[in-house]
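See below for the structure under consideration.
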Amino acid sequence: MSLGSDILRGDRRALARALTIVENQLPEAEEIVREIAGHTGRAIVVGITGAPGVGKSTLVDRLAGHFLALGRQVGILAVDPSSPFSGGALLGDRVRMEGRGSGVFMRSLAARGHLGGLARATPRAIQLLEAAGKDLILLETVGAGQSEVDVMGYADTTLVVVVPGLGDDVQAFKAGILEIGDVFVVNKADRPGADQTARELRQMLSLGPHKPWQPPVLSAQAQSGAGIAEIGQAILDHKASSERDPEVGTRHVREAERFLRQALADRLVEAAVRRAKAAGRWLPLVEDVARRRKDPVWAAKELAGGEER
Ligand SMILES: Nc1nc2c(ncn2[C@@H]2O[C@H](COP(=O)(O)OP(=O)(O)OP(=O)(O)O)[C@@H](O)[C@H]2O)c(=O)[nH]1
Ligand SMILES: [Mg+2]
């Protein structure tokens, strides 16, 4: 029995093993992905992002419970761009989720020191969960710079979570966060200032271009569960809207483009290195970069320029 067919049968241990293979970018990953290829692309993928401690994991936990009650098979990926270790940093979250039984599968993905490693592992991990029958996947990531924007490119719907008070600081909403949100959640609404934060957010959103989907701003108390049903409904509404209106865009098109770009980049890089080696140019250039005689970007330009000629 192959790992791929075990995953398709719903074997949780096979799924866990395959996720480790994909996370570590081992060569077997491609084989597994080929095996499950016909069984992917069917889940709703929901990205949950926001600053550390705003309540993302608590919200994910609640949403998982909500969708489970609606008969969904839920998968959870906690993506941590800052950590080289999977599991460890988010172990508390994992333990919290494991209590829910076989309807939910939770897994942390870490950066593993590879630049762009998560960008490759995340869509693979989503495919594995889909092959295992998950039809709703929650993707949690800390909003810590560019990385969350990248990861959110794999979501059908992106939830941006903020807490009361953040609205005081308009700067906090810069860095592309207003653009990537499909649904905004003001969590910890039990704290003072939640209404004001929601108002300010709505106002800022209204200044943006008019789009076929106007992102709602919803208040929630993830800890008590208040507001969760409304968020669940907004996720389904956004999904329906993106299916009706091509302008809203689907992750499948974005994903296809990413995959194609990545595959193309890998091939072009390989070919360029092979040619430079054959021409005896590779090692001298590496040496120049190592001795700081050349900047790597310029060295690459030199090689790429040679390719174009
Ligand atoms: N008062 C209040 N506290 C909440 C609410 N939701 C979550 N919290 C608390 O906020 C703290 C952080 O919650 P997490 O869910 O771990 O937040 P997170 O965004 O996942 O944090 P990181 O993954 O570390 O970025 C915990 O102590 C939660 O119990 C809420 O609605 N109200
Ligand atoms: Mg968390």
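Look at the stretch 61-87 and say how many of its residues are modelled with pLDDT under 90, crowded, with 19+ Cβ neighbours inside 10 Å and outside any strand (DSSP E or B).
Applying the first criterion (modelled with pLDDT under 90) to the stretch 61-87 yields 78-87.
Next, only the ones that are crowded, with 19+ Cβ neighbours inside 10 Å stay: 78-81, 86.
Okay, now just the ones that are also outside any strand (DSSP E or B), so 81, 86.
Qualifying residue count for the region: 2.
Give the stretch 187-211 a look and list any residue that's outside any helix (DSSP H, G or I), surrounded by 17 or more Cβ atoms within 10 Å (Cβ to Cβ) and within 12 Å of ligand 1 (Cβ to nearest atom), or say none.
In the first step, residues of the stretch 187-211 are kept if they are outside any helix (DSSP H, G or I); the result is 187-193, 208-211.
Keeping just the survivors that are surrounded by 17 or more Cβ atoms within 10 Å (Cβ to Cβ) gives 187-189, 193.
If the condition is that a residue be outside any helix (DSSP H, G or I), surrounded by 17 or more Cβ atoms within 10 Å (Cβ to Cβ) and within 12 Å of ligand 1 (Cβ to nearest atom), then ASN187, LYS188, ALA189 are the ones that fit.
Take the residues in the stretch 212-227 that are crowded, with 20+ Cβ neighbours inside 10 Å and within 16 Å of ligand 2 (Cβ to nearest atom); name whichever of them is farthest from ASP245 (Cα to Cα).
ALA222
Of the residues that make up the stretch 201-208, is at least one under 21 Å from ASP156 (Cα atoms) and either within 16 Å of ligand 2 (Cβ to nearest atom) or of a type outside the set (A, V, I, L, M) (or both)? It would help to see each step written out before you state the result.
Kept after step one, since they are under 21 Å from ASP156 (Cα atoms), are these residues of the stretch 201-208: 205, 208.
From what is left, the residues that are either within 16 Å of ligand 2 (Cβ to nearest atom) or of a type outside the set (A, V, I, L, M) (or both) are 208.
Looking through the stretch 201-208, at least one residue is under 21 Å from ASP156 (Cα atoms) and either within 16 Å of ligand 2 (Cβ to nearest atom) or of a type outside the set (A, V, I, L, M) (or both).
Sort out which residues of the stretch 41-60 are within 10 Å of ligand 2 (Cβ to nearest atom) and surrounded by 24 or more Cβ atoms within 10 Å (Cβ to Cβ), and write them in order of number.
Pass one, the stretch 41-60, residues within 10 Å of ligand 2 (Cβ to nearest atom): 48, 50, 52-60.
Hits for the stretch 41-60 are ILE48, GLY50, LYS56, LEU59, VAL60.
Tally up the residues in the stretch 34-53 that are among the hydrophobic types (A, V, I, L, M, F, W, C) and at pLDDT below 90, please. Write out each step before concluding.
As a first pass, look at the stretch 34-53 and keep what is among the hydrophobic types (A, V, I, L, M, F, W, C): 36-37, 43-46, 48, 51.
Narrowing the set further to residues that are at pLDDT below 90 leaves 37, 51.
Matching residues across the stretch 34-53 total 2.
The values are calculated or read from the model by the stated rules, or taken from the named source; none is laboratory data. A quick note: this is a predicted structure, and the numbers were derived from the prediction, not measured. Here Cβ is always computed from backbone atoms with ideal geometry, including for glycine, and neighbour counts include all displayed protein chains.
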